[in-house]
1. Going 7 Å from the Cα of residue C:83 in the Cα-to-Cβ direction, what parts of the range C:216-242 have a backbone nitrogen less than 14 Å from that spot?
2. Rank these for me by crowding, C:409, A:100, going from fewest to most other beta carbons within 10 Å.
3. Assign unit charges at the C-beta atoms only (+1 for Lys and Arg, -1 for Asp and Glu), then state the dipole size of the range B:17-167 relative to its Cα centre in Debye, rounded to the nearest 20.
4. Using the C-alpha gyration tensor of chain C, what are the square roots of 5 times its eigenvalues, in whole angstrom, with the largest one first?
5. Just to verify a number: FRET efficiency for residue B:2 and residue C:161, C-beta to C-beta distance, R0 = 41 Å, to 0.05?
6. Give a residue-ordered list of calculated ³J(HN,Hα) values for the range C:290-301 (Karplus: 6.51 cos²θ - 1.76 cosθ + 1.60, θ = phi - 60°; whole Hz; x for Gly, Pro).
7. Roughly how tilted is helix D:235-244, in degrees to the nearest 10 and between 0 and 90, from the longest Cα axis of chain D?
8. Can you pick out the pairs among C:260/C:281; C:68/C:260; B:167/C:337; B:51/C:83; B:51/C:446 whose Cα atoms lie more than 25 Å from each other?
Amino acid sequence: MTRSATVRFTVNGEETSIIVDPLASLQTVLREELLLTGTKAGCRQGGCGSCSVLVNGELELSCLLPIAEVEGCSVETIEGLSAGEKLHPIQTAFVENFALQCGFCTPGMVMATKALLGENATPTKDEVIEALSGNICRCTGYEPIVKAVMDAADRLKGSDEVSLVGGES
Amino acid sequence: MAKVKGRGMAAVNYPTGMNLGGDPTIALIHASTSGVFNISISSVELGQGLKTVLAQIGAEALGVPLETVVLHNDDTDTGPYCTGTFASRTTHRAGNAIIAAADEAREVMFEEAAELLEATPADLMTDGAGNILVRGAAGRSITVAEVCSAAHFVHGRAIAGRGIFFKPKSPVDPDTGAMDPDSTEAHACTIAEIEVDTETGNVRVLRLSSAYEVGRALNPRLVHGQIVGGAWMGVSHTLYETTAPYYPLVEHAPTSFSEYLMPGPAECPVIEAEVLGIASSNGPYGQKGVGEMTANSPIPAIVNALYDAIGVRFYELPVTPEMVLRALEEKASAAELPVPEVVH
Amino acid sequence: MSDATVRVPQGNGPVGASVEQADARSHVTGHTIYVDDVQLPRLAHMVLARSPFPHALIRRIDLSEAEKVPGFIRALTAADVPKNIYTILGLIGFGLDEERALADERVRYIGEPIVAVIAETRAGAAEAAKLVRIDYEELPAVFDVEEALAPGAPAVTEWGINAFDFDGRPFRQVRFGDVDAAMASADHIVEGRYQMSPIEHAPVETTGCVARPEPDGRFTVWTNTQALNMSLDLTAHILQIPTRRLRFIGGTVGGGFGGKVDGMVEPLATLGAWKTGRPVKYVYSREEEMVVSSTRNGVRIYMTDGVTNDGVIVARRVRSYIDCGAYSRHTPYAVQKHAANLAGPYFIPNASFDIYCVYTNRQPSSAMRGFGVTEASFAMEVQMDRIAELTGLDPWTVRFRNAYHDGDLRPHRKPVEDATLIEAMQAAARLVGYELSPELLAMSSKPREV
Amino acid sequence: MSVARYVAPDTLEGIVAEMQEQEGSYAFMAGGTIVQPLLASGSWLPRTVIGLWRAPLGAIERVNGDVALGANARLRDVALEGLPGGLSDAARQVGGPAVRNRATLGGNIATGRGDLIVPLLALGARVTLASTKGTTDLSIDDVVDGATGEVSALAQGELLTRVMVPAKAERGVFMAVGRKAYNTPCVATVGVVANFEPDNRNVVKDVRVAVHGPQPWPQRAGPVERALAARELNAAAITDAVAALESVGDGFSDSVASADYRLKISGVVLRQALEKIAGSSRQ
């Protein structure tokens, strides 16, 4: 059974080297090997977006990505955006705009927002809507989420990428 | 490609709560030595904001700051009974149970404070900021934390309370159907504005304007969240989703999110809502249930707007584009007239 | 309106303020632990082998191929279930012992569970489940609610009648006033056949749980049920163990909408943990959530109103068929809520309602947001517009004139309390700038002067 | 597990060697959007999965008047390339942004049902296949059998490596009707590429029309092309073209639309596409 390989990649800036089934999805490796369960599993069909992560800065559905293809890549997950009580401006915008209810789609929505704002700092409402079109939410009706993304864009304007210092200074 | 607009309205009520086999909900509260109040219940948070609202109710009834209230609802070993989260019942039931438990805990807290302040419990009040004051006597006050500490270590009082809200079982009379199934009624009226593409049959909901009467809104933003989320679900239920596209047949059942049609962010109408704060007669602080009703008025309002737009009554949901197109063709061939170019 | 006994906020407390959601920061950072996030050492995974047919007899189950899949641990069948009766309302004397936790001789809907396969990994369990070979003898099936009640229809239920029994009748009935006389006196009769097909709750988090056996004989079960106590009692009943051996942990769910009230996963996962001595995770796939988990009831409503020239409804007769699918589950209670809300926010002095809970060979339906009332509101609010058109009145006037007032008796003989439909409609008209007539502006929901 | 081996050779030759060695018992995985869900659901898969992502098959190059698209080209990159015949428009409306970052042109074609096949048929694209017997070049028309929907050309033993499309096409358009603005299953899609007589800009010199609606698979719509040949692209010609759709197929039912509706919408989309092309020909 040669379904085992060593795969090296970084997760939220930390070097990771892991012996794993090369066909295992990045989602399964993040959740079941690295216990980073902020990346969710809503469908495992590539249809809900709750497993969204960034790989080399690009938005990816971790349920569709075999871990073998992550060799040498830089992976960003929801856990990488905050440190203790210090939230990323996108996360603060979601909280203050009540842009979540059950919270299950929220990590995916935040990562889709980060990917969008990384490529387009001043998106129009339609560009926000297209950027979120791979993420399903069943509770909020999307309106507060679109508002939160526009609010996050304003918060990020001016301040360059947020530097996160872990814990209390 | 003709776009025809239409407007329609609907008005609904919705019951708060249920009785099923009798509907008890119990809450337990106890204070820590330093004045933190733990509320234990077993009602489940689905995202509607239950943990938030019930903590607000507990803090309000105890007269203590929200930050000193911690709510647990996650463990049947420690949480008392709750029937479950459905029927827009949970805030009403658990909220009333928490008020009863808070009253009991507050009574013990006031006994301890009265002893420390050498006053009678009836003279005392809370300022909501963590202090207990003697009414009319400026300066004579004590912090809740001090009272809780003294209650533990000086006088040996347990600042704790238990509360239940019980809706008795109401058997249904077999012949008349007489029953008492719920506790109060919320109401809503919705006006829908839509646009029909008469070439493809696609329907867009442009705007949903609603007035809701759901008792006192304990947390207005959370109430608004239910109204917007429910309106979106109403649009989806009316025009998009079904597990049986060829009901009553079972063929072509969708098996994934790409096959199960729901509107995306681009299909969301403008949603405006006004909430009337008319207190109910038996909800915690005059609250009524809102969670379950918020798709109910948008659905018929959209169907009525369709009649206004293209003069066709639809009796089956979902109303799909092919049903709209077929209805337009039948209407046109029946009347041999072109579809009315009516734009509001 | 409200009376003096209702508690009023003291003015220095948080009630009435839009305080931040208690778990927003935990959700938005990915810290919230949902059921599928529970990872335990030696965790095994359960996937079900299910019926591909809407109605069939089970002739033979062959596990030989499934057992060869690497990581296969064990398979559970009906024989392993201590009390193979799944009954949710039956626990409170309200439902029937009709459904199995695992089908034994007969399957009645596409997706009905037959064999629970437990393996080391999720993918392995899924592959093994697909390799369980089951021989069936297909039977005729029925999917339409009225065909199911017609003589000669295939029997979905064990006792042969495709309708739930309500005190000796195949329907729940409400009788109020004299409908025949009132209909005869009416100026107009409005009849409608309204239908809603079933919809899926589709929460982004699928139904699931993790059951772990404890050394003291108890079981800890992490679950996203909407009703912790009901699911615990149901699990104890099916496993025939005292409830003290069960500890359910949950309370934070990734969306429910009524789709997580059936307690379908906890009994089998706990049984799996018991038989294997391993923690067992049983979480629905998205396809199972769509095709197998309960849906909102499909429903067909025949509604007839007798109406006067000035738009007042003097009588309403309704016959509703609520499609519970292969098993009744919560639907008998949907019938009760439907019965109590077929007059809606209107005063209807003469009413006759017959509401059937009909069995078909469809995926069982159960509770969903608006349970029993959403369909009533849809039917009657389209009916109100038709009444307006027939009587030449505008839709607002027809609704105002029929709106109930505090103290009015509703068909199920409960006085109206906290009525505010009129006030809500007045506010909605203001919101959209619609001019109400003086007659309507003068109205209120206060009790009628007699 | 049915799958016993995973390999990802970093050269085309390595892939072909692996194909040789496994004699047909293998499945390709390019982006993973197709194979990963199958793995997750426990579906049966061949013994070996050959990952294509390491091999240099992703480049997009302009080659004297044509564009060579590697099979591994991501839909995101195809969407940004401004390709004619609506090929970039088609790529842009597949799935959500994350899917387009991962799904490949080759995978879209190999299913025989991908949305990009319609514009490729309209453009008359040519595809290059590699196999143990060497490489072969053939028209996109021969990849998906118009009569059966079979992906006959990609039978076991062949790997799609490249797609050639003209850099420019006089007038081309791709149109789709779905139920949502974004990330929606399509009811019907149409691709049209037409060249007009040099001396009379309204008269059709040659036209390729592809549709996915009348049949459960994308196909060339011969009867529609014949209805337009050598005619002035006016209302009458368009009406005849739409009528000709009837003989291409009678639609198919799924969870999104029923057969007769899908055929009706195929006609609506075809008319809109032809009107757009007729409109642009008058400028």
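None of the figures in this text is laboratory data; all of them are computed from the coordinates on show. Please read these numbers as outputs of a predicted model, since none were measured by experiment. A quick note on method: Cβ atoms are made from the backbone with ideal geometry, for glycine too, and the neighbour counts reach across all protein chains shown.
1. C:231-242
2. C:409, A:100
3. Value, rounded to 20: 380 debye.
4. So the three semi-axes of chain C are 46, 29, 18 Å.
5. The calculated FRET efficiency here is 0.20.
6. 7, 9, 10, 5, 5, 10, 5, 4, x, 8, 10, 10
7. 40 degrees
8. C:68/C:260; B:51/C:83; B:51/C:446
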